[in-house]
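Novice: Have a look at this one.
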Amino acid sequence: MRLKKTKIFIFARANSQGVKNKNIVKIKGKPLIFYSIKIALQITNKKNIFISTDSKQIKKIAIENSINIIDRPRKLASGKSPEILSWKHAINFVQKNFEEFDVFVSLPATSPLRNKFDVLRSIKKLKNKTDVVLTATEANRNPSFNMVKKIKNGYYDVIMSGKRIFNRQDAPKVFDLNTVAFVTKPNFILNCKSIFDGNVDINLVDKKRSIDIDNYYDLKIAKMLI
């Protein structure tokens with residue numbers, strides 16, 4: 001029943017900074033965004049999937065795969081526009097033109113190694129008191145132990161420099177967020193300024209499926225792993 005009230009969104013704008021035309025760069029002959037579409041189709045049917053974009057090329061891919069298109073306004077498609085504003089725009093569009101729904105899922109194109117079970121686990125964790133479920137891996141670095149910042153005297157100290165910690169095992173656990181999936185409630189997004197305004201839970205995903213393509217080095221690794 002929950003999946004019937006779930007809408008999956010893929011937000012993919014035309015311009016990108018780290019990798020030129022990142023969302024449509026080819027991996028094994030398929031545009032990067034195809035891998036998000038593929039997983040979305042394993043979870044729900046086409047009528048529940050939406051691509052929000054300002055790109056003619058991405059719209060063409062959506063049409064070829066019979067995926068709903070949301071025309072993203074130019075003001076929401078710049079590198080400086082917070083993505084949560086695009087989320088609000090997409091939710092309003094679907095509720096106005098299609099139907100009300102209970103679960104919002106975003107599958108960024110930058111995470112091509114996810115599988116459907118990663119996404120389904122995130123959906124399952126969106127319980128009554130939870131507002132947002134993010135995906136993450138255990139971090140290799142820790143701000144209490146081996147992450148530093150420059151201090152006033154020009155030298156460096158650990159970021160969290162309260163109680164001194166001398167063993168990694170004694171440092172509090174921290175996590176690296178990734179873009180495998182974002183799962184939340186439409187009404188929460190429409191009424192918040194940040195996803196951290198609510199109760200946030202984490203779905204831990206294996207590192208080998210968690211690569212987030214932000215630059216050409218990430219892209220090279222993704223191509224090799226796929």
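Novice: Can you tell me, using C-alpha contacts under 8 Å and at least 6 residues apart, the relative contact order of the chain as a whole percent? Write out the running numbers ahead of the final one.
Specialist: Details: 396 pairs, mean separation 54.2, N = 226.
Reported relative contact order: 24 percent.
Novice: Ranked highest first by the average count of other Cβ atoms within 10 Å around their residues, in what order do 120-126, 206-212 fall? Working shown, then result.
Specialist: Details: 120-126: 17.9, 206-212: 15.9.
Result, highest mean first: 120-126, 206-212.
Novice: For region 58-90 and region 204-226, what is the centre-to-centre distance using only Cα atoms, to the nearest Å?
Specialist: About 23 Å separates the Cα centre of region 58-90 from the one of region 204-226.
Novice: Also: When we measure straight from the Cα of Lys220, which aspartates and glutamates land under 18 angstrom away, once same-chain ones fewer than 8 places off are left out?
Specialist: Asp212
Novice: Treating only the Cβ atoms of Lys and Arg (+1) and Asp and Glu (-1) as charged, compute the dipole magnitude of the chain about its Cα centre; round to the nearest 20 debye.
Specialist: Working: 44 positive and 19 negative charges, 77 e Å.
Dipole magnitude for the chain comes out near 380 debye.
Novice: Find how much the distance from Lys207 to Lys116 grows on full extension, using 0.36 nm per residue of separation minus their present alpha carbon separation; answer in nm with one decimal. Kindly include the intermediate steps, with their values, before the conclusion.
Specialist: Values: separation 91, 0.36 × 91 = 32.76 nm, distance 1.54 nm.
Contour length minus Cα-Cα distance gives 31.2 nm.
Novice: Taking only Cα atoms, what is the 0 to 90° angle, nearest 10, from helix 216-225's long axis to the longest principal axis of the chain?
Specialist: 70 degrees
Novice: Give the peptides 136-145, 85-94 in descending order of average Cβ contacts within 10 Å, highest first. Walk me through the numbers on the way to the answer.
Specialist: Numbers: 136-145: 15.6, 85-94: 19.0.
Order by mean packing, descending: 85-94, 136-145.
Novice: Further question: Mind ranking 157-167, 95-105 by how tightly packed they are, going by the mean number of other C-beta atoms within 10 angstrom, highest first?
Specialist: Numbers: 157-167: 11.5, 95-105: 15.0.
Going by the mean number of other Cβ atoms within 10 Å, highest first, we get 95-105, 157-167.
Each reported figure results from applying straightforward, stated rules to the coordinates on display, with no laboratory input. These figures come from a predicted structure and were not determined experimentally. All Cβ positions, even for glycine, are placed from backbone atoms using ideal geometry, and neighbour counts span all protein chains on display.
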